[in-house]
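A.B. asks: Please find one structure pasted underneath; my questions will follow.
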Amino acid sequence: MAEHAKPGLSRRRFLTGAGIAAGAAAFSLSGCNASGSEKTAPAEKSSEKAKDVQSDKDAEKAKKFAEFAAPIDPVAKPASWDGEYDAIVVGSGGGGCNAALRLSENGMKVLMIERLSEFGGISKHSSMFSNVGGHKIAEANKWAFPEYPYNVDKIVECFYNAQQMSGDPELLRAMAIEGPKCIDWMIDAVGCKWVPSNPSPSGAMLLVWEGQKTKTNGVNVNFETFRYLREKVEEAGVELKLKTKVLTLVSENNEILGVKVEEEGAEKFYGAKYTILTAGGMETNRAMMETYNPLVTKGIANIATPPYGTGECIRMGMGVGATLSGMDSTGAFEGGIWWKEYEPYDTMMDTRINKDGNQAVRQPWLRINKLGERVPYISVTSRAYPYVHDQPISSEGLCETGNIEMSQPDGKTFVVFDNKYDELLSQNYFQQAICRVAGTVAPDDPYIDRVPEELRDWRTGFNDMVEKGAIKKCDTIEELEKALGLEEGVLTSNVEKWNEACDKGEDYVNNYKYKPEWLIKLDTPPYYGAAVGGHVFGSKCGLTVNPNMQVINEYGKAIKGLYAGWHTAGGSAGEGNFAARPLTGMYADIGLSFVGGYMCAEGVLKEEKGA
């Protein structure tokens, strides 16, 4: 039998089983009548029967919801394997590519498994390689975060402090040490074409693929990156299986021996000394998010990726005794549009790949919550503390504003602007950067073919949101107030104060005042408004790992043969860190994947050497 030591009842496992099971039980009992009740009329009986039917439906939904979040048990070793390898890498995104390439480079026989028909996973749809310096490009620019020269101790202290001392400083140290090595290795050994995102020293903080960012092309997708990486994976002799779904882990005597998969309609077993899980997080699995990240999930408007991060690999790790780290932490920016309200037992999060349409709402317009309170906006050239403007461009403002929006009542911030938006956005009037720029790719741009057609002009996505009602368009402020579902007077009173402040040239709030030039009157109909919240790129809650990326159980013991890259692994941003402050984590999203895969490979190589 595939047996693993099962950990005792922890908060994490209580949430997994007892918490949701209790909810299901409550629904199943809610329609029961007390014994000895009086006879009821036919109409009342019909009503009671309808309630019972609804109760049964709700109980079934609750059961399904619980199943979507529950651990996946391992299976026993088969009589024979359908293939044997030194290492199996699950996932073909940034983490999978780096793990497979690094191990293959060191002579290992590697199998890479991807459940989709396309190579690259979520990473293919991501943005820039965020980092904190220490690599050759950053050293040439004399740049590092939080200050130059690169200092691992100060980096750990900075991030640990931002995590409110809730994370693991040794994990942060390992990331700060291995990250620069990963970037240099990708450039020098793999031939990756990472270049600074802008000519300033801080351009080294956000690396882009050469040609990914031109004068008119700021739409950051990594299609070309993963076209190149797939070539390198195949050249390295890594066996690649697409459209192959990993069903569970194979285990014997508390050791992971491989995986069971579904391939071309048949179940197969592949064995390996090392199994490396790099298949993303749980961000699109609402059952897992509500179960393990209940606080932050209330503020997540949508997931800014395809619906790939469904968490099965995390559940497989839990099935062999792993615990979770990074609860209530995600990698998030601001400005996610609330397209829908969730039903209690919806099992999937709303996913919206909208690289430019939502830039219209991510500007310093009038921003309030449902109580009528102004909601702060942190620019890409501002710092939240001490609050100053005109700092070097950083993603810090995106992360800070995301955290602010997710913490509002109901997780909603109401953004309001008027018909001057097109003119202002087209000239980038507010001088925003990174993914707050409303991009339009010129027809003669040399790299236009790398950008999907629907992302070549920000107006395409914006108009789609207006047409479908996600962004409200009204002739008067009073109509807009009603369309946004705000109490009467909440918006109109704020617009009155806003316009008065615009005339005076001084913001009316006490803290986080807008620059005078940002105060633009709302006086040109039609008027636009939207509810926005967290725009999540990845969950930061996943399997607990040690600095070698070995998956560990609740006693801190490594589960033999099992490794996990970041996103599948949790804890990189600490606990309860809604938007992964600072910078959405040390390597944000795609950078975190690349670094995590590299760290997994280094951990395996260290284990091979007996270190």
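The values are calculated or read from the model by the stated rules, or taken from the named source; none is laboratory data. All figures in this text were calculated on a predicted structure; none of them were measured in a lab. When we count neighbours, we look across all protein chains shown, and the Cβ atoms used for this are built from the backbone with ideal geometry, even at glycine. Each accessible area value is taken on the protein alone, full model and side chains, heavy atoms only, with ligands, DNA and RNA left out. Shrake-Rupley method; radii C 1.70, N 1.55, O 1.52, S 1.80 Å.
A.B. asks: Report, to two decimal places, the Cα Rg of the range 240-388 normalised by 2.2 N^0.38 Å (N = number of residues).
C.D. replies: Taking N as the residue count of the range 240-388, the ratio is 1.36.
A.B. asks: List the relative contact order of the range 434-522 as a percent without decimals, with contacts defined as Cα pairs under 8 Å and 6+ residues apart.
C.D. replies: 14 percent
A.B. asks: Using 0.36 nm per residue of separation minus the Cα-Cα distance, give me the extension gain between Glu479 and Glu373 in nm, one decimal.
C.D. replies: Contour length minus the Cα-Cα distance gives 36.2 nm.
A.B. asks: Can I ask one more? Which cross-chain or sequence-distant (5 or more) residues have an amide H under 5 Å from the amide H of Gln391, H modelled 1.01 Å from N in plane?
C.D. replies: Ser382
A.B. asks: Please compute, for the alpha-carbon atoms of the chain, the extent along each of the three principal axes and give them in descending order in Å.
C.D. replies: Answer, in whole Å and largest first: 85, 77, 44 Å.
A.B. asks: Which of the pairs Lys154/Lys340; Lys193/Lys468; Lys298/Lys513; Lys154/Lys232; Lys193/Lys243; Lys468/Lys513 have their Cα atoms more than 31 Å apart in this structure?
C.D. replies: Going by Cα-Cα distance, Lys154/Lys340; Lys193/Lys468; Lys154/Lys232; Lys468/Lys513 fall outside the 31 Å limit.
A.B. asks: Based on the mean of other Cβ atoms within 10 Å per residue, sort peptides 288-294, 327-333 so the most packed one is first.
C.D. replies: 327-333, 288-294
A.B. asks: Run the quick spin-label model on Glu264 and His389: label points 7 Å from Cα toward the beta carbon, then report their separation in nm to one decimal.
C.D. replies: That separation, rounded to one decimal, is 6.3 nm.
A.B. asks: I'd like the projected area of the range 323-460, averaged over all directions, using the convex hull of its alpha carbons. Report it in nm² with one decimal.
C.D. replies: In nm², the orientation-averaged hull projection of the range 323-460 is 11.8.
A.B. asks: Could you tell me the largest-minus-smallest coordinate of the C-alpha atoms of the range 559-611 on each of the three principal axes, in descending order and whole angstroms?
C.D. replies: 37, 20, 16 Å, listed from the longest principal axis down.
A.B. asks: Could you tell me the relative contact order of the chain? Use alpha-carbon pairs under 8 Å, at least six residues apart, and round to a whole percent.
C.D. replies: Computed over the chain, the figure is 22 percent.
A.B. asks: Given points 7 Å out from each Cα along the Cα-Cβ axis, report the Glu467 to Lys136 separation in nanometres with one decimal.
C.D. replies: Between Glu467 and Lys136, the simple spin-label model gives 4.8 nm.
A.B. asks: Please list, by residue number, every one of the trypsin sites (Lys or Arg not before Pro) in the range 185-275 that is coil in DSSP and has at most 11 other beta-carbon atoms within 10 Å.
C.D. replies: Lys215
A.B. asks: Something else now. Quick one: Debye curve from the alpha-carbon atoms of the range 416-531 only, equal weights, vacuum; give me log10 I(q)/I(0) at q = 0.14, 0.20 Å⁻¹ to two decimals.
C.D. replies: Each listed q corresponds, in turn, to -0.71, -1.20.
A.B. asks: What residues from the range 443-460 fall in the zone where the backbone N is under 17 Å from a label point 7 Å along the Cα-to-C-beta line of Glu210?
C.D. replies: Those under the cut-off are 446-448, 450.
A.B. asks: Ok, one more. Give me the accessible area per residue for the range 367-442, probe 1.4 Å, as a whole number in Å².
C.D. replies: 36 Å²
A.B. asks: On to the next question. About its Cα centre, how strong a charge dipole does the range 466-611 have in debye, to the nearest 20, once Lys and Arg get +1 and Asp and Glu get -1 at the Cβ?
C.D. replies: For the range 466-611, the charge dipole is close to 860 debye.
A.B. asks: While we're on this one: Could you tell me how many cubic angstrom of Cα convex hull volume the range 176-322 has per residue?
C.D. replies: Expressed per residue, the convex hull around the Cα atoms of the range 176-322 is 196 Å³.
A.B. asks: While we're looking at this one, here's another question. Output the relative contact order of the range 102-194, whole-number percent, from Cα pairs under 8 angstrom with separation of 6+ residues.
C.D. replies: 20 percent
A.B. asks: Could I ask something else about it? Using a 1.4 Å probe over the heavy atoms of the protein chains, calculate the carbon and sulfur portion of the accessible area of the range 62-183 as a whole percent.
C.D. replies: 48 percent
A.B. asks: Another question, then. For the range 315-381, would you read off the P(r) tail past 15 Å as a percentage of all alpha carbon pairs?
C.D. replies: 73 percent
A.B. asks: Determine the gain in length on full extension of the stretch Asn254-Lys606; use 0.36 nm per residue of separation and subtract their C-alpha separation, reporting nm with one decimal.
C.D. replies: Taking 0.36 nm per residue and subtracting the Cα distance, the gain is 124.7 nm.
A.B. asks: Along the principal axes of its C-alpha atoms, what lengths does the range 349-412 span, in descending order and rounded to whole Å?
C.D. replies: Taking max minus min along each principal axis of the Cα atoms, the range 349-412 gives 34, 30, 20 Å.
A.B. asks: In whole Hz, with x marking every Gly and Pro, tabulate ³J(HN,Hα) for the range 472-484 from phi via Karplus 6.51 cos²θ - 1.76 cosθ + 1.60, θ = phi - 60°.
C.D. replies: Using θ = phi - 60°, the values come out as 7, 10, 9, 7, 9, 5, 4, 5, 5, 4, 5, 4, 7 Hz.
A.B. asks: Taking only protein heavy atoms into account and a 1.4 Å probe, give the accessible area per residue of the range 474-566 in Å².
C.D. replies: 43 Å²
A.B. asks: Follow-up. Got a sec? Which residues in the range 303-319 would a label at Asp82 touch, if it sits 7 Å along Cα→Cβ and we count backbone N under 12 Å?
C.D. replies: Taking a point 7 Å out along Cα→Cβ of Asp82, no residue of the range 303-319 has its backbone N under 12 Å.
A.B. asks: So between Glu118 and Asp422, what do we pick up on full extension, going 0.36 nm a residue minus the alpha carbon distance?
C.D. replies: Here the answer is 105.9 nm.
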